[in-house]
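J.: I am attaching a structure below and will ask some questions about it afterwards.
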Amino acid sequence: DTGVSQNPRHKITKRGQNVTFRCDPISEHNRLYWYRQTLGQGPEFLTYFQNEAQLEKSRLLSDRFSAERPKGSFSTLEIQRTEQGDSAMYLCASSLAGRAQNYGYTFGSGTRLTVV
Amino acid sequence: QKEVEQDPGPLSVPEGAIVSLNCTYSNSAFQYFMWYRQYSRKGPELLMYTYSSGNKEDGRFTAQVDKSSKYISLFIRDSQPSDSATYLCAMSGLGGNEKLTFGTGTRLTIIP
């Protein structure tokens, strides 16, 4: 088990371009979370999946953001028409439902997005 | 006002000192309290968790929760240079989504 894997590690894009990030969770984990972390701040919740179902989205997730988790395995987060304010670290985490509060999430190392 | 407040530091202490890190919160619905450690360019990793009020000890680390004051603390004894990292408090309620609300993080440096 190699933990939670996120790709790419870094992404630099021009404003207005679309970007897509990928997260591969721990295989037996049925929950997958996306968080965003800006410099000097803690992670903020964006959305989460249980298996393939997207169960909750934050108000932070504007209509330019879309996330999927086909077949309940890996997940993708797409940002359309990127803006400079989207520059942040995008963190993916996975867990077993009902156990996160006792055992925590397993976070990936994140994808750092820079919009220029 | 943020739901969770945490002094961002930075905090520098000499090796071997006792470190005290704190968070306050405003949401009475929070029942689970966690401390995560985040090294540079890495994702957070869970250090300690506590349910409701009380103390919990794990090696050099002690977590305290005082729900009446809406105040949580993490103490690190005999601090080591390897403890240098950002420490994030995180909280969640009883809802089934288990989503976390994080503090801003405190950047800690242990000076050899």
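The values are calculated or read from the model by the stated rules, or taken from the named source; none is laboratory data. Because the structure is a prediction, the values reported are computed rather than measured. All Cβ positions, even for glycine, are placed from backbone atoms using ideal geometry, and neighbour counts span all protein chains on display.
J.: Out of the range B:63-87, which residues are under 12 Å from the mean Cα position of the chain (by Cα) and of a type in the set (S, T, N, Q)? First the steps, then the outcome.
T.: From the range B:63-87, those under 12 Å from the mean Cα position of the chain (by Cα) are B:63-65, B:71-76, B:85-87; that's our starting set.
Matches in the range B:63-87: B:64, B:73, B:86.
J.: Another one. For residues in the range A:60-114 being buried (at least 20 other Cβ atoms within 10 Å of the Cβ) and more than 14 Å from the chain's Cα centre (by Cα), which is modelled with the lowest pLDDT?
T.: If we take residues in the range A:60-114 being buried (at least 20 other Cβ atoms within 10 Å of the Cβ) and more than 14 Å from the chain's Cα centre (by Cα), then A:101 is modelled with the lowest pLDDT.
J.: Shifting gears a bit: Let me confirm something: among B:18, B:76, which residue is surrounded by fewer than 16 Cβ atoms within 10 Å (Cβ to Cβ) and β-branched (Val, Ile, Thr)?
T.: Residue meeting the stated conditions: B:18.
J.: Here is a list: B:71, B:51, B:32. Which entry is at the interface with another protein chain (Cβ under 10 Å from one of its Cβ atoms), touching a residue at least 12 places away in the same chain (Cβ under 8 Å) and either surrounded by fewer than 19 Cβ atoms within 10 Å (Cβ to Cβ) or in contact with a Pro (Cβ under 6 Å, 6 or more places away or on another chain) (or both)?
T.: Working: B:71 fails: at the interface with another protein chain (Cβ under 10 Å from one of its Cβ atoms); B:32 fails: either surrounded by fewer than 19 Cβ atoms within 10 Å (Cβ to Cβ) or in contact with a Pro (Cβ under 6 Å, 6 or more places away or on another chain) (or both).
On inspection, the qualifying residue turns out to be B:51.
J.: Only one of (1) under 23 Å from residue A:108 (Cβ atoms); (2) small (Gly, Ala, Ser); (3) assigned to a strand (DSSP E or B) fails for residue B:82. Which number is that?
T.: Checking residue B:82 against (1) under 23 Å from residue A:108 (Cβ atoms); (2) small (Gly, Ala, Ser); (3) assigned to a strand (DSSP E or B), the one that fails is (3).
J.: Name the single residue, out of those in the range B:85-112 being part of a loop (DSSP other than H, G, I, E, B) and surrounded by fewer than 19 Cβ atoms within 10 Å (Cβ to Cβ), that is farthest from the other protein chains (Cβ to nearest Cβ).
T.: Result: B:112.
J.: Which residue is surrounded by the most Cβ atoms within 10 Å (Cβ to Cβ), if the candidates are limited to the range A:40-59 and must be part of a loop (DSSP other than H, G, I, E, B) and free of Cβ contacts under 8 Å to residues at least 40 places away in the same chain?
T.: The first filter runs over the range A:40-59 and keeps only residues part of a loop (DSSP other than H, G, I, E, B), leaving A:40-43, A:51-52, A:58-59.
With free of Cβ contacts under 8 Å to residues at least 40 places away in the same chain added as a condition, the list becomes A:40-42, A:51-52, A:58-59.
Working: A:40: 10, A:41: 17, A:42: 24, A:51: 13, A:52: 14, A:58: 16, A:59: 6.
Ranking the qualifying residues of the range A:40-59, first place goes to A:42.
J.: Do we have residue B:28 as farther than 22 Å from residue A:94 by Cβ and in contact with a strand residue (DSSP E or B) (Cβ under 8 Å, 6 or more places away or on another chain) here? Break it down stepwise before answering.
T.: Details: farther than 22 Å from residue A:94 by Cβ: yes; in contact with a strand residue (DSSP E or B) (Cβ under 8 Å, 6 or more places away or on another chain): no.
Judged against the criteria, residue B:28 is not a match.
J.: Among the listed residues B:59, B:43, which satisfies the condition of being over 12 Å from the mean Cα position of the chain (by Cα) and within 14 Å of chain A (Cβ to nearest Cβ)?
T.: Numbers: B:59 fails: within 14 Å of chain A (Cβ to nearest Cβ).
Of the residues listed, the single one that is over 12 Å from the mean Cα position of the chain (by Cα) and within 14 Å of chain A (Cβ to nearest Cβ) is B:43.
J.: Collect the residues in the range A:92-116 that are farther than 20 Å from residue B:49 by Cα and either assigned to a loop (DSSP other than H, G, I, E, B) or within 7 Å of another protein chain (Cβ to nearest Cβ) (or both), keeping them in residue-number order.
T.: Listed by number, the residues that qualify are A:109, A:110, A:116.
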